[in-house]
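What follows draws every value from the coordinates through simple rules; no lab data is involved. All of these numbers come straight from a predicted model, not from anything done at the bench. Glycine gets a Cβ as well: all are built from the backbone with ideal geometry, and neighbour counts include every protein chain shown.
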Amino acid sequence: MTAFVFAVIILLSLYFAFRSRHGHDVSNIEEYLVAGRSFSGLLLFFLAVGEIYSIGTLIGLPGGIYAKGVSYGYWFLGYILLAYPVGYFIGPLIWRAGKRYAAMTVPDIFKGHYSHRALELIVTISALIFLIPWGQLQFAGLEVALSALGFHLSPTVAVFLAGCIAFLYIAVSGVRAPAIVSILKDTFMVLAIVIAGVAVMLAVHGVPKVFSQAAAHGVSTTIAKPQDIVFTLTTILFQALGFYVTPLTAPFLFTARSERTVKRTQRIMPLYMLMYPFLIIASYYAFLIAPHLEQANTAFIVTSVSLLPPWLLGVVAAGAALSGILVLATISLAIGGMVSRNLVRNIPQTSQRKWTQIAIVVYLIVSMALTLGAPTLMLTLINTAYYGFTQLFPGFIAVFFSRKVTPTGVAAGLLTGEVAVLVLYLSQANFYGVNSGLIALVLNFIVMYAVSAIFASKVSLRAPVAHAASVDRSAL
Amino acid sequence: MSTKKRKRGSFIVAVILPFVAIFAVVPFSSQFDFTVLGLPFLYFWMFLWFPLTALCLSVAWYVFDRHDYPTEEGADEQ
């Protein structure tokens, strides 16, 4: 029964993905990568939540809470929540920059604003380096979720199928597919989470018991150590700032039909988070039924398996699988777009779609091979991926607001930030618990401004994006 | 209200308020070792700010920002 429900939902998702092409000419690269900048607030909302609430929602958060208690939960929820106020301000600016420079990828913005090939390449390559492990994380999460749910597919088959489905989504319909499939995925995922949460409340007769019994197992309910307090605050700050500028998240803002749509959509984003109380209650229940889980990441799944009927487990499995596959699909689009538009030079617009798809196939095959063949090889990059691609933040700030920062400054800052992230991670340095990504970000800002001031550019810089009128009709 | 004043107002309501709310309780969390509605205080506080943040953003939009983002001609008819 579980497998049947699972299969039906996955097939349904393919049907929706294919249908989403209807009435749109996806041979046009702008239509293919950013839906011709035509999405309504509702589609933008679903594309966003499809990407934000990835497999990590069902695997990473419950696992983190199970292992570390409230201090993990507080920063995880805190940075997502506070990303929306940040997005309320910089989201419309990202869209405006995208419109002004006809951007379909993040490097397109830097290419358009600075006309500097070396900077474009540095942005592209650093984005690619950190995006590839982000995709692997989805594959790995899928394996954990599906095997804990009792699907005894071999990892090879599971990874291969996930890669194929992700490719089918986007091969046919481009970015419209993940937006439409996300409606399906989020309906089922929220349904599964809420039902699991309610089932726990019924099983233990009320919420207070879940937490008091977990506390009896020694789970912390406060953030007491000074270092943990510093870590919580700096991590929330850093990740909330970087949330919307990653090479994965910025492009979905380009699909919106206007700045107004981007800004208005941010208002409702926090409401999706109301499913988290149910998810957290379900995760805490794992303490009561399985206090010594070998794999903390399976906390939510263990609860589901113990309380839900088989057909609902099929819904949980499909929700988990779709959330991983959806993110793979959007990563593929981001990578394909960057390869065909930024890495390789002078591919004409008309053949960019073909090259994008070739790049995607290569990316998926390499990713599958790395996941299966060398799972630990990429561990460092996986652990530093978020820190790495958040280093684009100072560059964006320069594009939005600065008349002084030069392309050399942006490139120098970005490289400094990326190197700092890797050095801090590898040396395991600890500065009173301050998030190492934030330290790298501060260095990045300092170098960006210093280099710009010392080597003042002779070329004239374009007016900052934020200083133009909100509807810039004179732009290219 | 001038544009500058509107922008400042919007920034205070939409960004400063939620950030302060989420940050301020962390250093004192050991003093909040009790439950509200059965939830440990930190979870209760976080969950409370999901709808409150949406409210802050909506207030900023209706009071300060919406006139600066005119509907583009034809955009909503598509």
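Structure values in brief
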item: Links that overshoot a 22 Å alpha carbon limit, given the list A:Lys99/B:Lys4; A:Lys68/A:Lys225; A:Lys111/A:Lys263; A:Lys111/A:Lys404; A:Lys185/A:Lys209; result: A:Lys99/B:Lys4; A:Lys111/A:Lys263; A:Lys185/A:Lys209
item: Sequence-separation-based contact order of chain A, relative, with Cα cut under 8 Å and 6+ spacing, percent; result: 31 percent
item: The stretch B:3-69: relative contact order in percent, alpha carbon pairs under 8 Å with at least 6 residues between; result: 51 percent
item: Computed label-point distance, nm, for sites A:Ala290 and A:Leu271 using a 7 Å Cα→Cβ extension; result: 3.5 nm
item: Compactness of the protein assembly as shown, expressed as Rg and Dmax over alpha-carbon positions, Å; result: 22.8, 71
item: Normalised contact order of the stretch A:249-384, rounded percent, pairs of Cα under 8 Å and 6 or more residues apart; result: 14 percent
item: Sequence-distant residues sharing a close amide H with A:Ala256 (under 5 Å, placed H); result: A:Phe39
item: Residue order, fewest to most beta carbons within 10 Å, for A:Val34, B:Val59, B:Val36, A:Val106; result: B:Val36, B:Val59, A:Val34, A:Val106
item: Cα centroid separation - the stretch A:223-274 against the stretch A:1-55, whole Å; result: 22 Å
item: Computed over the stretch B:3-69, Kirkwood Rh from alpha-carbon pairs, angstrom; result: 13.2 Å
item: Longest to shortest principal axis, alpha-carbon extents of the stretch A:8-54, angstrom; result: 31, 22, 16
item: Check: the protein assembly as shown dipole with +1 on Lys, Arg Cβ and -1 on Asp, Glu Cβ, in debye; result: 1380 debye
item: Fraction of the pair-distance distribution of the stretch A:140-255 above 25 Å, Cα-Cα pairs, percent; result: 57 percent
item: Residue order, fewest to most surrounding Cβ atoms within 10 angstrom, among A:Val399, A:Val198; result: A:Val198, A:Val399
item: Helix-only mean residue ellipticity at 222 nm for the protein assembly as shown, each DSSP H run of n ≥ 4 adding -39500 (n - 2.57), per residue, nearest 500; result: -23000 deg cm²/dmol
item: Helix runs (DSSP H) in chain B reaching 18 Å along axis by Cα, Kyte-Doolittle at least 1.6; result: B:41-60
item: Alpha-carbon gyration tensor eigenvalues x 5, square-rooted, for the stretch A:397-453, Å; result: 24, 11, 8
item: Residue exposure sequence - B:Met1, A:Met368, A:Met269 - by fewest surrounding Cβ within 10 Å; result: B:Met1, A:Met368, A:Met269
